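So the structure is just underneath, and the comments pick up after that.
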Amino acid sequence: MANGKKRLNFNKQSLLLRNKKTWGFLKGLAVYILIAIASLMFFYQISGNPTSVGDEVPISQIINQIKEGKIEKVTLEGDKISAQLKNNAQKLISRKEEGESIYKILESSGVDPKSVTIEVKDLSMQQAWAGILSAVLPILLLVGLMFLFFRQAREAGQGVFSFAQSRARLFTKDQPQTKFADVAGADEAKKELEEIVDFLKSPQKYKEIGARIPKGVLLVGPPGCGKTLLSKALAGEANVPFFSIAGSEFMEMLVGVGAARVRDMFAQAKKNAPAIIFIDEIESIGRMRGFGITGGHDEREQTLNQILVEMDGFTPNDHVMVLGATNRPDLLDPALIRPGRFDRRVVLAMPDLEERKAIIKLHMIGKPFAEEVDIEKLARRTVGFSGADLANMLNEAAILAAREGKKIIDSHDLEEAATKVKLGPQRKRMQTETDRKLAAYHEAGHAIVGHFLPHVDPVHRITIVSRGMSGGHTMFPPTEDRSNETRSRLLEQITTALGGRAAEELIFKDISTGAANDLEVATSISRDMVTEYGMSSLGPINIKPRPMFGLWARLSEEGGEVSQTMQSRIDAEIKKIIDSSYKQAQALLLKNKSDLDQVAKALLEKETLESEEFEKIVGKKKRLH
């Protein structure tokens, strides 16, 4: 509650500060507008308030009126002539040529100037001031407005002169914090980071024994595994200033801005030392140098060079630790990840069974679940899910239960949410009976082939309900966490992927486009077996082409590591594996055609079959132990 009040007061103060700045800017702008209006009015008055051309009369008319004795007085203001009629308030207005004398005009017209009163007003001073104001006033107004706008932009931190300032956000101990207790799973990673916290809290005991505090820690792992969450927990536990910035925030359209922001960020961190700098998605600025289109002199590489110098250059940097996060460590420059810059690499992998159980329990807090929900079963069901996937799954289950008016979340909601996270939401689309029958036999083909292959995981669900881009799917979720794959298992995965195409050809004597993704999966596995894993007749050799970066890599000789002869042998091996697996799938379906028909018929009736319903038709799966 105290933290909530602090945040509320902080928000109020920020709002008041913003209102004061806005009001000050508007007030200054209003003053300048009033000055401009007053100056224009003054200029209008001293310029003689000219009458429009439509109210003026020819000067000859005034001369005739003077000859007839009807004019009492003539007033001359610059080039404007005002003639006052006798016994009449009316005035006649006219103009003379610039530089002409009113006396000469009257004399040349045969009028005695003494016959009328002539008053000449001296406007030289007013005209001089008008000239000065007309030249100076626009400049003063422009300078004043520019000053106001620049001051407002500078106060907002977005002025022209703030390009070189760091965009890192500073988090202090007074702000809401995440602790290691808020992070489930990733126990090894948390232990590594707990040592970092101890370094920062008690540096003296390490210095006494000669240990050097690590200058950098690199968090590596696939998306959704908790890299950013762990960095927040480190900030909350370390109790030191924490600067957070994304790698893309260093780059700008101006040359040299990235390097300047790096210098400014480290300068701020050193002033607040001991401190932590967290750079998220560090690969956006830390990519390997020398592969850019400009040959190594682009803005990104200059920014990287500045980071290298700041982390481990001539200037000592013992009290600022850099924390980086990336899911592409293979792209990082070797100079960035060497010891002395990033001394530690903390690897976060997909959570195992126990870690998934811990993550599920953490995200179940605050949500009502039915007693039938089995966390152990749910954790085994979600092999391959990241921490973000699990959090999203539980949130989707809660949304689904609320949408259906339930008060608690049951197993059906969780199953639907898990499927939605991996495959997308259901799509209701019009299907002809031919399409439904084709989809039913296609999915039944996958299920039958996978069921009778000993190394494939049991069928979990079969459905012909569309999700995402697929017209149906057959799920074989792993029953256990695996770190390696065998050749037998990979071959059976290829055979299972080709089961749908084989079933179409067996039943309809034709094939459809529905197997496009299956063929892509089968070909990808086959290519990896040949080129990367050495699981073909070519022998135990890795001939997978190296990844290429940028224009220079495409033009280098590394792009042609595999000869044409070897490439032909690779293609032949891939085709050999695909053909052999396809024949095996055809043989299994032909042998178990009655089961295939029954499963397809059940799918047409129910649209979805769970594992228990499927095994009632084909029997229990026989697996090797």
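Could you tell me how many of the residues in the range 397-433 are at pLDDT 90 or above, β-branched (Val, Ile, Thr) and crowded, with 17+ Cβ neighbours inside 10 Å?
Looking only at that region, the number is 1.
Under the condition of being of a type in the set (Val, Ile, Thr) and surrounded by 21 or more Cβ atoms within 10 Å (Cβ to Cβ), which residue from the range 345-365 is nearest to VAL217 (Cα to Cα)?
So, considering only residues that are of a type in the set (Val, Ile, Thr) and surrounded by 21 or more Cβ atoms within 10 Å (Cβ to Cβ), the one nearest to VAL217 (Cα to Cα) is VAL346.
At pLDDT 85 or above and either out of contact with any helix residue (DSSP H, G or I) (no Cβ under 7 Å at 6 or more places or on another chain) or not assigned by TED's automatic domain parsing to the domain that holds GLU283 (or both), is that true of PRO203?
No, not satisfied.
Conditions: (1) among the β-branched types (Val, Ile, Thr); (2) modelled with pLDDT of 75 or more; (3) farther than 18 Å from VAL57 by Cα. VAL136 meets all but one. Number of the miss?
(2)
Taking the conditions exactly as written (modelled with pLDDT under 80, among the aromatic types (Phe, Trp, Tyr), under 25 Å from ASP312 (Cα atoms) and surrounded by fewer than 21 Cβ atoms within 10 Å (Cβ to Cβ)), does PHE250 satisfy them or not?
It is false that PHE250 is modelled with pLDDT under 80, among the aromatic types (Phe, Trp, Tyr), under 25 Å from ASP312 (Cα atoms) and surrounded by fewer than 21 Cβ atoms within 10 Å (Cβ to Cβ).
Could you please give the count of residues in the range 457-482 that are under 21 Å from GLU376 (Cβ atoms) and part of a loop (DSSP other than H, G, I, E, B)?
Number of matching residues: 11.
Looking at the range 312-324, is at least one residue in a helix (DSSP H, G or I) and either under 22 Å from VAL347 (Cβ atoms) or modelled with pLDDT of 80 or more (or both)?
No, the conditions are met nowhere in the range 312-324.
Given (1) out of contact with any helix residue (DSSP H, G or I) (no Cβ under 9 Å at 6 or more places or on another chain); (2) more than 30 Å from LYS215 (Cα to Cα); (3) acidic (Asp, Glu), identify the lone condition not met by GLU396.
Of (1) out of contact with any helix residue (DSSP H, G or I) (no Cβ under 9 Å at 6 or more places or on another chain); (2) more than 30 Å from LYS215 (Cα to Cα); (3) acidic (Asp, Glu), only one is false for GLU396: (1).
Mind telling me which of the residues LEU229, LEU219, LEU234 ends up being under 18 Å from LEU336 (Cα atoms) and not assigned by TED's automatic domain parsing to the domain that holds GLY387?
LEU219
Could you give me the residue pairs with C-beta distances under 8 Å whose first residue belongs to the range 195-219 and is under 14 Å from VAL320 (Cα atoms) and small (Gly, Ala, Ser), whose second residue is assigned to a strand (DSSP E or B) and modelled with pLDDT of 80 or more wherever it lies, and which are 6+ apart or on separate chains?
From the range 195-219, the pairs are GLY216/MET321; GLY216/VAL322; GLY216/LEU323; GLY216/GLY324; GLY216/ARG344.
Which count do you get for residues in the range 210-241 that are within 26 Å of GLY313 (Cβ to Cβ) and of a type outside the set (Lys, Arg)?
15
Given the conditions (1) surrounded by 19 or more Cβ atoms within 10 Å (Cβ to Cβ); (2) more than 26 Å from PRO222 (Cα to Cα), report the number of the one that PRO368 does not fulfil.
Result: PRO368 passes all but (1).
Quick test of your reading of the structure: VAL456 fulfils all but one of (1) within 28 Å of GLU354 (Cβ to Cβ); (2) free of Cβ contacts under 8 Å to residues at least 24 places away in the same chain; (3) among the aliphatic types (A, V, I, L, M). Name the failing condition by number.
Condition not satisfied by VAL456: (2).
Here is a list of conditions, (1) at pLDDT 75 or above; (2) within 60 Å of the chain's Cα centre (by Cα), and MET41 meets all of them except one; can you say which number that is?
Of (1) at pLDDT 75 or above; (2) within 60 Å of the chain's Cα centre (by Cα), only one is false for MET41: (1).
Just to be sure before I move on: is ALA388 more than 21 Å from CYS225 (Cβ to Cβ), of a type in the set (Gly, Ala, Ser), in a helix (DSSP H, G or I) and under 30 Å from the mean Cα position of the chain (by Cα) in the structure I sent?
no
Restricting the search to the range 379-396, which residues are aliphatic (A, V, I, L, M) and surrounded by fewer than 21 Cβ atoms within 10 Å (Cβ to Cβ)?
VAL383, ALA388, ALA391
Pull up the range 537-592, narrow it to residues that are of a type in the set (Asp, Glu) and at pLDDT 65 or above, then point me to the one that is nearest to ALA502 (Cα to Cα).
ASP579
Any residue that is within 27 Å of ALA388 (Cα to Cα) and either modelled with pLDDT under 95 or assigned by TED's automatic domain parsing to the domain that holds ASN517 (or both) - is there at least one of those in the range 484-492?
yes
Tell me the residue from GLY290, GLY258 that is surrounded by 23 or more Cβ atoms within 10 Å (Cβ to Cβ), at pLDDT below 80 and of a type outside the set (Phe, Trp, Tyr), please.
Only one candidate passes the filter, namely GLY258.
Would you confirm whether or not the range 211-222 contains a residue that is over 24 Å from VAL262 (Cβ atoms), modelled with pLDDT of 85 or more and not acidic (Asp, Glu)?
yes
The values are calculated or read from the model by the stated rules, or taken from the named source; none is laboratory data. From a predicted model like this one, the values you see are computed outputs, not experimental measurements. Cβ atoms come from the backbone with ideal geometry, glycine included; neighbour counts cover every protein chain shown.
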